[in-house]
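Take a look at the structure below.
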Amino acid sequence: MQVGVTFPQAEIGADPEVIRDYAQAAEDLGYEHLLAYDHVLGADPSNREDWRGYTHKTMFHEPLTLFSYLAAITKRLEFVSGVIVLPQRQETAAWFASWSWTILVYVPTSFMLLLFPDGRLPSPRWRPVAWCAVLGLICFLAGYALVPGPLEDFPRIMNPYGVDSLMLEAVAVAGVILASASMVASAISLIVRMRRAGRAQRQQIKWLAYGGALVVGTVFVGGVISVWIGEVGIALISLGLLGVPIFTGVAIARYRLYDIDLIINRTLVYATLTGMLALVYFGGVTAT
């Protein structure tokens, strides 16, 4: 049997040292886990004179954030949550939606161009470009996702994870520079790879290069336009991103990229067999 302790949400207050001492004392006393309940808005005592529980003014610590802090200052104590109230976490969903689109823009315009068509770099000399792409993505996301204040796409919601720091701003600027440079270098890598490739691979790369150039160009132009007209800039970027799947599809269909004939053949065979089995099954069910 394991014995744990319940975190006193309504009584412990906001002092991080007090919270630390409580968790470490529970660990030293031999408790196995710490349980923290989530907060549902308490009752207004002015409307319920006999209410003795926590009220709408009682402060609760967010369990997941609390556990992250306690995990760093304890050694073996486990953490258990009560029922997590998901409707109260709309801020996190809005926060994620406000920056996750950057991954959809950045990955096709950097890593895909750099690794196409065989999943390898053109040569070991291109490793710095790959590292710049990784660091640029990390720094840009950190700067964009942690900027304090209202969320860009949800102006009524304040960034729940915002950090007011000059260092973070410098990281964001560095991320923009590294990301932009790696996108341009990735497009150039396709040109270099095409000059060294055979005929079939050259045609594959040529089609993707056209799409890559279109995407990189529209991302830059859309980014500039979005400074003044956000909706137009985002629409232009979204339209430009269609260039990658379209031109990749042409490369697949015309130049046998990724053994597309084999894939299509197996798809048709499996689809036909599945359809026949479904007909036999439904026919048997209907007959009985």
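Across segment 192-249, which residue is nearest to the chain's Cα centre (by Cα) among those that are of a type in the set (A, V, I, L, M) and not in a helix (DSSP H, G or I)? Residue satisfying both the conditions and the ranking: 242.
When 190, 208 are checked against the criterion of being hydrophobic (A, V, I, L, M, F, W, C), in contact with a Pro (Cβ under 8 Å, 6 or more places away or on another chain) and touching a residue at least 60 places away in the same chain (Cβ under 8 Å), a single residue qualifies: 208. Residues in segment 88-129 that are in a loop (DSSP other than H, G, I, E, B) and either within 29 Å of residue 64 (Cα to Cα) or of a type in the set (D, E, K, R) (or both): 100, 118, 120. Cβ-Cβ distances below 6 Å connect the following pairs, each with a first residue in segment 154-168 that is of a type in the set (Asp, Glu), a second residue that is at pLDDT 80 or above and loosely packed, with under 13 Cβ neighbours inside 10 Å, and a separation of six or more residues or different chains: 164/148. Against the condition more than 25 Å from residue 161 (Cβ to Cβ), among the aliphatic types (A, V, I, L, M), at pLDDT 90 or above and in contact with a Gly (Cβ under 9 Å, 6 or more places away or on another chain), how does residue 26 come out, does it pass? Considered against the rule, which asks whether it is more than 25 Å from residue 161 (Cβ to Cβ), among the aliphatic types (A, V, I, L, M), at pLDDT 90 or above and in contact with a Gly (Cβ under 9 Å, 6 or more places away or on another chain), residue 26 comes out as yes.
Filter segment 130-165 for residues that are on the phi > 0 side of the Ramachandran plot and either in a helix (DSSP H, G or I) or surrounded by 15 or more Cβ atoms within 10 Å (Cβ to Cβ) (or both) and give the result.
None - no residue of segment 130-165 is on the phi > 0 side of the Ramachandran plot and either in a helix (DSSP H, G or I) or surrounded by 15 or more Cβ atoms within 10 Å (Cβ to Cβ) (or both), so the list stays empty.
When you look at residue 128, is it more than 20 Å from the chain's Cα centre (by Cα) and farther than 26 Å from residue 14 by Cα, yes or no? Considered against the rule, which asks whether it is more than 20 Å from the chain's Cα centre (by Cα) and farther than 26 Å from residue 14 by Cα, residue 128 comes out as yes.
The sole residue among 36, 25 that is among the aliphatic types (A, V, I, L, M) and without any contact (Cβ under 8 Å) to a residue 12 or more places away in the chain is 25. Picking from residues in segment 19-68 that are among the hydrophobic types (A, V, I, L, M, F, W, C) and part of a loop (DSSP other than H, G, I, E, B), the one that is nearest to residue 84 (Cα to Cα) is 40. Screening segment 176-207 for residues that are more than 30 Å from residue 224 (Cα to Cα) and charged (D, E, K, R) and picking the one that is surrounded by the fewest Cβ atoms within 10 Å (Cβ to Cβ) gives 199.
Only residues that are over 17 Å from residue 8 (Cβ atoms) and exposed (fewer than 14 other Cβ atoms within 10 Å of the Cβ): list them for segment 62-76, please. Outline the logic, then answer.
So in segment 62-76, the residues over 17 Å from residue 8 (Cβ atoms) come out as 64, 68, 71-73, 75-76.
Within segment 62-76, 68, 71, 72, 75, 76 qualify.
Residue 184 falls short on exactly one of the conditions (1) out of contact with any Lys or Arg (no Cβ under 7 Å at 6 or more places or on another chain); (2) over 27 Å from residue 138 (Cβ atoms); (3) in contact (Cβ under 8 Å) with a residue 12 or more places away in the chain, and that condition is (2).
The values are calculated or read from the model by the stated rules, or taken from the named source; none is laboratory data. Everything quoted here is computed from the prediction, not taken from an experiment. Don't worry about glycine lacking a Cβ; one is built from the backbone with ideal geometry, like all the others, and counts go over all protein chains shown.
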